[in-house]
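The values are calculated or read from the model by the stated rules, or taken from the named source; none is laboratory data. Model, not experiment: these values are computed from the prediction. No Cβ is skipped: glycine too gets one built from the backbone with ideal geometry, and neighbour counts run over all protein chains shown.
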Amino acid sequence: MTDLQIFESLCDIIARQAEVIKSLVTQLQEVDAITDETADRLYELEVDFEAVTGDSELYKNQT
């Protein structure tokens with residue numbers, strides 16, 4: 001194998017690894033967006049502790 005062939009093989013390996021990394025970053029961005037959306041929805045929820053538990057003191061103990 002010549003030096004040029006080794007260099008070309010290394011370039012090919014690096015290019016394939018770059019595609020894998022790009023795909024992973026894209027997937028992580030999608031997970032981040034889903035996580036942000038889920039957190040936003042959870043913050044929007046209002047829980048009436050007294051209505052759920054019948055204990056009017058429970059909410060006061062949670063704050």
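List of remarks:
- Pairs where the first residue, in region 35-63, is modelled with pLDDT of 70 or more and surrounded by 10 or more Cβ atoms within 10 Å (Cβ to Cβ) and the second is of a type in the set (Asp, Glu) and part of a helix (DSSP H, G or I), C-beta under 9 Å, 6+ apart: Glu57/Glu50
- Sole exception among (1) out of contact with any helix residue (DSSP H, G or I) (no Cβ under 7 Å at 6 or more places or on another chain); (2) at pLDDT below 95 for Arg16, by number: (2)
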